[in-house]
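Comments concern the structure below.
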Amino acid sequence: MTTKRRRTSVVQAAVGTDKAHKAVMPPIYMSTTFEIDGLEQKAPYEYSRTRNPSRDDLAEAITELEGGIGTCVTSSGMAALTLIVHLLNPEDLLIAPYDCYGRSYRMLASLAEKKHFKLKFIDQYDEQAVEDAFKEEAPKMVLIESPSNPVMRIADIAMIAERAKACGAMTVCDNTFLSPMLQSPLDLGADIVYHSTTKFINGHSDIVGGCVTTNNEEILTELEFWANSLGVIGAPFDAYMTLRGMRTLELRVTRAQENAEKVAKMLSEHPLVSAVYYPGLPDHPGHEIAKKQQAGFGAMMSFEIKTDKSKLAAFVDALEVFRLAQSLGGTESLINHPATMTHVSMGPEAREKAGVTDQLFRLSIGVEHIDDIFDDLNSALEKVA
Ligand SMILES: *Cc1c(COP(=O)(O)O)cnc(C)c1O
């Protein structure tokens, strides 16, 4: 059969793979252990930390979507990054964006302090800063997160991957904010792509999970060794649920993105909004790169309200469709206040550098009716007038 279109692959993820009973939807293999045919015989499945059929179903589906050769399914997005940094030795330099996901920042900084590897945080959205960083010392690994959280900066993945390749470094991309439907880092030159599947891939805010995909045989062998050794693997039930969520990924992302484009336009024309950070807006500094490297602008954005701090609570309290909560990428719309929630531990100085003001809110746009989303934001904004 010819290669299926992505939209079909995602809908058909692991469908019809059950050999035992030809179940259309694959079962969940909860068994921790599998019988071996006889002494000194090998079996594809022996022990579920090493390999499990349900986890393999999800791994294969993600591999196909990301255009890789193999995937390790992990217990969370943080477990995915934990797995990846185990490719590094103490003398290896890792370059990472200074405004990457808060917990990633803290984990990398803490491990570097313990001398697990050398670490440099840089401004990846500035080509000169990238060039300077590579000139100073050749890295072993470059971590990219694009779009960034929360102000949606866009890093030029192909440009960074090319520089990395030239000095023999691996390029790793956190693709959580867009999902495999909207960005394919491996096609842009990255060696490894990872996700918090907690977000768009599962998409229903009911499973915490992660995955790491590569298109390099050597890297895959090492990742599989570490996934098994560290035990950072995802559970069979979680894999089943994530597959179930993933089959509607294209539908969900398409609708959420459609809504997001309208919300970004509405907010950018609103008199009480001083800034909107959405790569789909033509005046966004990363608009041209986003257009080039993404298949769409996604469902994440942030915006600043023109008001003093005292009125922010009234705005949040008035919202009924948007829920004040961490996380993103679910079917439901969420609002986050980075300064007091996701980015609180950064400290005021780093927050200012990352563009996180007190007036900044991040939105994860869901798949609800656009008019209810508009009504909700408009009536809540009236409270700060
Ligand atoms: C949520 C998130 C993570 C961490 O994933 P968990 O599943 O919460 O461990 C990493 N990167 C990004 C961009 C995220 O949004």
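The values are calculated or read from the model by the stated rules, or taken from the named source; none is laboratory data. Source: prediction; values computed, not measured. No Cβ is skipped: glycine too gets one built from the backbone with ideal geometry, and neighbour counts run over all protein chains shown. Please note that ligands, DNA and RNA were not included when accessible areas were found on the heavy atoms of the full protein model with its side chains. Shrake-Rupley method; radii C 1.70, N 1.55, O 1.52, S 1.80 Å.
Give the residues of the range 177-202 that are near the ligand (Cβ under 8 Å from one of its atoms) and either open to solvent by 10 Å² or more (accessible area, probe 1.4 Å) or free of Cβ contacts under 8 Å to residues at least 24 places away in the same chain (or both), sorted by residue number.
F177, S196, T198, K199 - these are the residues of the range 177-202 that are near the ligand (Cβ under 8 Å from one of its atoms) and either open to solvent by 10 Å² or more (accessible area, probe 1.4 Å) or free of Cβ contacts under 8 Å to residues at least 24 places away in the same chain (or both).
For G38, are the conditions met, namely being within 30 Å of R362 (Cβ to Cβ), more than 15 Å from the ligand (Cβ to nearest atom), in a loop (DSSP other than H, G, I, E, B) and assigned by TED's automatic domain parsing to the domain that holds A235?
no
What are the residues in the range 344-385 that are under 13 Å from A318 (Cα atoms) and among the charged types (D, E, K, R), if any?
Of everything in the range 344-385, those that are under 13 Å from A318 (Cα atoms) and among the charged types (D, E, K, R) turn out to be D375, D376, E382, K383.
Just one of the numbered conditions (1) over 16 Å from G298 (Cα atoms); (2) open to solvent by 10 Å² or more (accessible area, probe 1.4 Å); (3) away from the ligand (no atom under 16 Å from the Cβ); (4) not acidic (D, E) is not true of T248; which one?
Going through (1) over 16 Å from G298 (Cα atoms); (2) open to solvent by 10 Å² or more (accessible area, probe 1.4 Å); (3) away from the ligand (no atom under 16 Å from the Cβ); (4) not acidic (D, E) one by one, T248 breaks only (1).
Hey, does the range 55-72 have a residue that's farther than 24 Å from E217 by Cβ, open to solvent by less than 10 Å² (accessible area, probe 1.4 Å), modelled with pLDDT of 95 or more and not aromatic (F, W, Y)?
no
Return only the number of the condition from (1) surrounded by fewer than 23 Cβ atoms within 10 Å (Cβ to Cβ); (2) within 16 Å of the ligand (Cβ to nearest atom); (3) under 22 Å from G286 (Cα atoms); (4) among the aliphatic types (A, V, I, L, M) that V208 does not satisfy.
Condition (3) is where V208 drops out.
For the range 155-165, name all the residues that are open to solvent by 10 Å² or more (accessible area, probe 1.4 Å) and either within 17 Å of L94 (Cβ to Cβ) or within 14 Å of the chain's Cα centre (by Cα) (or both).
Those that are open to solvent by 10 Å² or more (accessible area, probe 1.4 Å) and either within 17 Å of L94 (Cβ to Cβ) or within 14 Å of the chain's Cα centre (by Cα) (or both): R163, K165.
Would you say V253 is in contact (Cβ under 8 Å) with a residue 24 or more places away in the chain, aliphatic (A, V, I, L, M) and in contact with a strand residue (DSSP E or B) (Cβ under 9 Å, 6 or more places away or on another chain)?
When the stated conditions are applied, V253 does not pass them.
Kindly state which strands (runs of 3 or more DSSP E) lie completely within the range 130-231 and contain at least 1 residues that are of a type in the set (D, E).
Result: 141-145, 170-174.
Name the residue that is nearest to A80 (Cα to Cα), counting only residues in the range 211-226 that are in contact with a helix residue (DSSP H, G or I) (Cβ under 7 Å, 6 or more places away or on another chain) and either among the β-branched types (V, I, T) or more than 15 Å from the ligand (Cβ to nearest atom) (or both).
Across the range 211-226, the extreme among qualifying residues is V212.
So, in the range 88-129, exactly how many residues are open to solvent by 10 Å² or more (accessible area, probe 1.4 Å) and assigned to a loop (DSSP other than H, G, I, E, B)?
The number of residues fulfilling the criteria is 13.
Report every pair of residues separated by at least 6 positions or lying on different chains whose Cβ atoms are under 6 Å apart, first residue within the range 15-28 and more than 18 Å from A59 (Cα to Cα), second β-branched (V, I, T) and exposed (fewer than 10 other Cβ atoms within 10 Å of the Cβ).
none
Could you tell me whether the range 228-245 includes any residue that is within 23 Å of Q359 (Cβ to Cβ), free of Cβ contacts under 8 Å to residues at least 60 places away in the same chain and crowded, with 19+ Cβ neighbours inside 10 Å?
no
Considering only the range 59-104, how many residues are hydroxyl-bearing (S, T, Y) and within 10 Å of the ligand (Cβ to nearest atom)?
Selection size over the range 59-104: 6.
When the residues of the range 295-325 are narrowed to those that are in a loop (DSSP other than H, G, I, E, B) and in contact with a Ser or Thr (Cβ under 6 Å, 6 or more places away or on another chain), which ends up surrounded by the fewest Cβ atoms within 10 Å (Cβ to Cβ)?
Within the range 295-325, the match that is surrounded by the fewest Cβ atoms within 10 Å (Cβ to Cβ) is K306.
Identify all residues within the range 42-71 that are closer than 25 Å to Q294 by Cβ and in a strand (DSSP E or B); write none if there are none.
Across the range 42-71, the qualifying residues are G70, T71.
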